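The values are calculated or read from the model by the stated rules, or taken from the named source; none is laboratory data. Since we're looking at a predicted model, the values are computed, not measured. Note: ideal-geometry Cβ built from the backbone for every residue, glycine included; neighbour counts use all protein chains shown.
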Amino acid sequence: MTRKSGSFAGQNRQGDIAGIPTKLIVGVVLFALALWFLLANLNSVKIQFWVFTVTAPLWIALAATLLIGAVIGYLFKDRREGR
């Protein structure tokens, strides 16, 4: 039999669900939950920084926090994989 990237042809790799990588499924589910959470929080809020205060929709603050967390996770990914 021919081998493709460590598995037999026609067989799923360990961790795949119906041929779809588990990481992809988890990522899509988490993205959907985050989007649902953002759309459920449309009210305006006051965001106070050290020097000034800004009034903005809560979803913008949540999206910015999510984006910052994703960037930090991406930047530290290499440190975690290097162990």
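On the basis of being surrounded by 10 or more Cβ atoms within 10 Å (Cβ to Cβ) and at pLDDT 85 or above, does residue 66 make the cut? Here the answer is yes, as residue 66 does meet what is asked. Would segment 47-62 turn up any residue that is surrounded by 10 or more Cβ atoms within 10 Å (Cβ to Cβ) and closer than 30 Å to residue 17 by Cα? Looking through segment 47-62, none of the residues is surrounded by 10 or more Cβ atoms within 10 Å (Cβ to Cβ) and closer than 30 Å to residue 17 by Cα.
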